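Below is one structure, written out as structure tokens; comments come after it.
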Amino acid sequence: MKNLIFLTAILFTLFSCGQQNEVKNNDTAQAETKVAAVYPEVLSEALDAHGGLETWQFFGTLEYEMVSGDKSEYQLFDLKERKSLIISDAYKLGFDGSQAWVVPSKEAMGRNSIRFYHNLNFYFFAIPFVLTDPGIKYEEMEDITMDSVDYKVLKISYEANVGDSPDDNYVCYFNKETKMLDFIRYTVTYFSKESSDKFNALKYDEWQEVNGLKVPLKMSSYKWEDGQFGEIRGEKTFKNVVFSKGSPLADVFTMPEGAEVESTPAN
């Protein structure tokens, strides 16, 4: 799998020569002004603590190896257009900007939904940066203390018709001392298309710094029961994380002949 990952990276990703970790001063100033003017203070502080929104916006490509149990996947994303490619030993899955597809078949994915899965782990990996996407609504909630740690709490919801699951909610817990994201609670409404008060939880156990950005190394998912972490549901580790300035070649995401596609449940 490791050889497949790096071979895929070489064949499919367009890297820019002379990649830099810093953005030009004028771009930085504009991004910082936008953060201060548009986003809640708690989110602005978190963006800075995780490396800065301007640094995130500098890059066009993200790729990594995600390991969960005895399974691993290579995942590649166009950060500007949010196209995706996922390769495992059993299947290749992609999103070309309009359709989610998989080869050789949906059956190879087991119970997973193609369209639901294509950006699922990316979104969790990329928080808090993706919380600056258009169509997001912010609600600052009451600060809390859990296990002797003080948190600022920010609820995220979405305007109607934003994405495939506009009724999803995320509640983000930012460590008051470090300003970084410690864990989130979230609902899943993709399949029901109805709002829900049933939450799961995701804890960011370890971080790694890549190109100036602090991104997850390890995260664990839990049931959320009676206002606290319940039974653990799984763990994921992110290895060989690479950010690149240029965007991936567009052909990478093109649906191959014979691929199966999937519409949203509402369709």
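Are there trypsin sites (Lys or Arg not before Pro) in the range 78-164 that DSSP puts in a loop and that have at most 12 other Cβ atoms within 10 Å, and which ones?
On the way: sites: K80, R82, K83, K92, K106, R111, R115, K137, K152, K155; in loops: K80, R82, K83, R111.
Loop-located and lightly packed - K80, R111.
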**Report entry** Neighbourhood charge, 15 Å Cβ-Cβ cut-off, centred on F253 and excluding it, Lys, Arg +1 and Asp, Glu -1
**Finding:** -1
Report summary line: Residues meeting the amide H criterion for G246 (H placed from the backbone, H to H distance under 5 Å, 5 or more places apart or on another chain) are S16, G60
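Arranged from highest to lowest average of other beta-carbon atoms within 10 Å per residue, in what order do the peptides 118-129, 168-179 appear?
Going by the mean number of other Cβ atoms within 10 Å, highest first, we get 118-129, 168-179.
Residues with beta-carbon under 13 Å from that of Q228, excluding Q228: net charge, scoring Lys, Arg +1 and Asp, Glu -1?
Values: positive: R185, K203, K223; negative: D147, E225, D226, E231.
Net charge around Q228: -1.
Here, each number is a calculation from the coordinates, and none is a lab measurement. Because the structure is a prediction, the values reported are computed rather than measured. Note: ideal-geometry Cβ built from the backbone for every residue, glycine included; neighbour counts use all protein chains shown.
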